[in-house]
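S.K.: The structure that follows is given in the form of structure tokens.
The values are calculated or read from the model by the stated rules, or taken from the named source; none is laboratory data. Computed from a prediction, not measured in an experiment: that's the story for all the values here. Here Cβ is always computed from backbone atoms with ideal geometry, including for glycine, and neighbour counts include all displayed protein chains.
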Amino acid sequence: MTYTLASIIAIALVLVIGIVGSFQMRRRQPAPPSVVQLAGPPTQLDRADFVGGEMDWLVVVFASATCAACADVVSKAMVLESEAVAVQVVEFPRDRALHERYRIEQVPMVLIVDSSGVVRENFLGAVSATHLWAAVAEARAPGSVPKGCGSDHEHNGQEPS
């Protein structure tokens, strides 16, 4: 059986195309799943959006009517209310506009806010009463809470001020 130069070139070309196609198929990766980037806690609030604008401190609890953990966090936060500290529960869907304005996508979220609207501390998810009390005390008087008394929790990437 004799092969002509043209048939050898044709066979070589088919082999090269097959090999290249095989490598291309192996290199093809499925598209990565869409990743949803959730907004973090806000760092600044407009105090005019909330009750107690004249008070030095504000504790805001972003919650949802359908959130099981929210009720516990709300009850713990409510006891923080005093002459110097206002507490407001911002419940979804009732207060949808505030949730949207501050891009709140996860609840429960607790924010401890100073008189300028700067968020001094935040908590996402379940939180102990000890941590809430300690965070408010530390925000009001920095350095007043010893380590181990609720001041050593995770700060969601932010150092307390």
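S.K.: Look at Ser75 and say whether it is at negative phi, in a loop (DSSP other than H, G, I, E, B) and free of Cβ contacts under 8 Å to residues at least 12 places away in the same chain.
M.R.: Spelling it out, it is not the case that Ser75 is at negative phi, in a loop (DSSP other than H, G, I, E, B) and free of Cβ contacts under 8 Å to residues at least 12 places away in the same chain.
S.K.: Please tell me if Leu58 is among the aliphatic types (A, V, I, L, M), in contact with a Lys or Arg (Cβ under 8 Å, 6 or more places away or on another chain) and crowded, with 17+ Cβ neighbours inside 10 Å.
M.R.: Yes; evaluated as a whole, the condition is true for this residue.
S.K.: If you scan region 39-55, which residues turn out to be at pLDDT below 95 and exposed (fewer than 10 other Cβ atoms within 10 Å of the Cβ)?
M.R.: Once the filter is applied, which keeps residues that are at pLDDT below 95 and exposed (fewer than 10 other Cβ atoms within 10 Å of the Cβ), region 39-55 yields only Glu54.
S.K.: Could I ask something else about it? Ala86 fails exactly one of the following numbered conditions: (1) closer than 14 Å to Gly117 by Cα; (2) surrounded by fewer than 19 Cβ atoms within 10 Å (Cβ to Cβ); (3) free of Cβ contacts under 8 Å to residues at least 40 places away in the same chain. What is the number of that condition?
M.R.: (2) is the only condition that Ala86 fails.
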